[in-house]
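Chemist: Below is the structure I would like to discuss, written out as structure tokens.
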Amino acid sequence: MLAAVVLVSSAHAQPKPDFAQDVRPILESRCFACHGSKLQMHGLRLDHRADALKGGGSGVPAIVPGASAQSLLIKYVAGLDKDVVMPPAGPRLKPAEVAALRAWIDAGAPWPGEAEAQPVSKRSEHWAFQPIVRPRIPDVKSPWVHNPIDAFVLEKLQARGWTPAPPAEPRALLRRVYLDLNGLPPTLAEQEAFLKDPAQLEHLVDDLLARPAYGERWARHWLDLVRYAESNGYERDGTKPQAWRYRDYVIQAFMGISRSTASSSSRSPAMSCPMPRPKLSSPLAITASAPGTMSPPTPKRTASISSMTWSAPRRKPSSG
Ligand code: HEC
């Protein structure tokens, strides 16, 4: 029985295609954009053997080794399904490419280096989508290490045979802390106060985190990402009269973060807060729905705002 199956399949067999030379280039150039490490449309990944065998959202294996006729992948690339053709855009695969995929699958879909591989995660490998894990703190013993973060820094330095730079002198340290947290250098009076008592650094950091300049400095990065502007720009340069609300909202969001992390005492509910603490999910939601653009809702009625920025919306703001 087994012998008969082998005989039948070898009767159809074409010259055995080489995965690296004949197959992978097709998948890479025509499929990975949507079924690779960055994106898995319909839950399908084709850059690892085990995932490709398992298939995507349909629950049907995309590749059945030894049986191209039962492989969904072939059905789609060969145009045998009246509703779905892969790739869905661009030219269809050439008959020779389809033939190479068929022959490779019929030969058992050999995938050098991956025969035993387990399916890797369906999820993107982008760092932002990885679950948060608490890392092991490197076991480096040195008086230079004052907190766990120092241990991570020192481990990398030691791995390169480097030694830590000497501590910054107080004036330089003060300037760095100010520029990092508030984006502004310290005033003369602030410098003098600090130089009298450099041990107050921790309190100073709390103070800088609590200043509006902290939110303004760090909100800038977010606002750049969503291309914050007070007008649409380009040829029809309509103003976005309420845009500043979004700007202030992002700044307040950063202030909320700094309030909840700067010191444990700031968690007290009694702490006065000029605006309700924004929900941090909301700015994310805005970019998720309109990547790279900032489109606050069109105001129904223009509130009293300065004549500098006011102009009636002429058209709907472009969304997305
Ligand atoms: C532009 C994006 C894109 C490209 C490129 C692309 N696909 Fe797809 N693929 C999709 C989408 C979207 C679906 C879901 C289609 C549907 O079910 O209607 C899908 C579904 C599939 C499925 C079914 C998965 C399942 O189990 O649900 C297979 C198999 C497949 N694609 C194979 C391929 C192959 C092979 C290539 C390259 C030759 C390819 N695709 C290229 C977007 C793409």
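Chemist: Determine whether residue 138 is over 19 Å from residue 35 (Cα atoms), surrounded by 13 or more Cβ atoms within 10 Å (Cβ to Cβ), at pLDDT 90 or above and in contact with a helix residue (DSSP H, G or I) (Cβ under 7 Å, 6 or more places away or on another chain).
Modeler: yes
Chemist: If you don't mind, there's one more thing I want to ask. Within segment 223-232, can one find any residue that is surrounded by 15 or more Cβ atoms within 10 Å (Cβ to Cβ), polar (S, T, N, Q) and not in a loop (DSSP other than H, G, I, E, B)?
Modeler: no
Chemist: Going through segment 141-184 one residue at a time, which ones are aromatic (Phe, Trp, Tyr), part of a loop (DSSP other than H, G, I, E, B) and surrounded by 11 or more Cβ atoms within 10 Å (Cβ to Cβ)?
Modeler: Within segment 141-184, 144 is the sole residue that qualifies.
Chemist: What pairs can you find where one residue is in segment 200-218 and in a helix (DSSP H, G or I), the other is among the small types (Gly, Ala, Ser) and modelled with pLDDT of 95 or more, and their Cβ atoms are less than 7 Å apart, with a gap of 6+ or different chains?
Modeler: Close Cβ pairs (under 7 Å, with a partner that is among the small types (Gly, Ala, Ser) and modelled with pLDDT of 95 or more) amount to 213/183; 217/183.
Chemist: Just for segment 38-59: of the residues that are surrounded by 14 or more Cβ atoms within 10 Å (Cβ to Cβ) and assigned to a loop (DSSP other than H, G, I, E, B), which one is farthest from the ligand (Cβ to nearest atom)?
Modeler: Once the filter is applied, the top-ranked residue is 48.
Chemist: From the list 67, 78, 109, 96, exactly one residue is more than 12 Å from the ligand (Cβ to nearest atom), at pLDDT 90 or above and under 19 Å from residue 35 (Cβ atoms). Which is it?
Modeler: Unique residue meeting the criteria: 109.
Chemist: Let me ask another. Which of the following residues is over 25 Å from residue 258 (Cα atoms) and either over 32 Å from the mean Cα position of the chain (by Cα) or assigned by TED's automatic domain parsing to the domain that holds residue 217 (or both): 100, 172, 89?
Modeler: Going through 100, 172, 89 in turn, the sole match is 100.
The values are calculated or read from the model by the stated rules, or taken from the named source; none is laboratory data. All values reported here derive from a predicted model rather than from experimental measurement. As a convention, Cβ positions derive from the backbone with ideal geometry for all residues, glycine included, and neighbour counts pool all protein chains shown.
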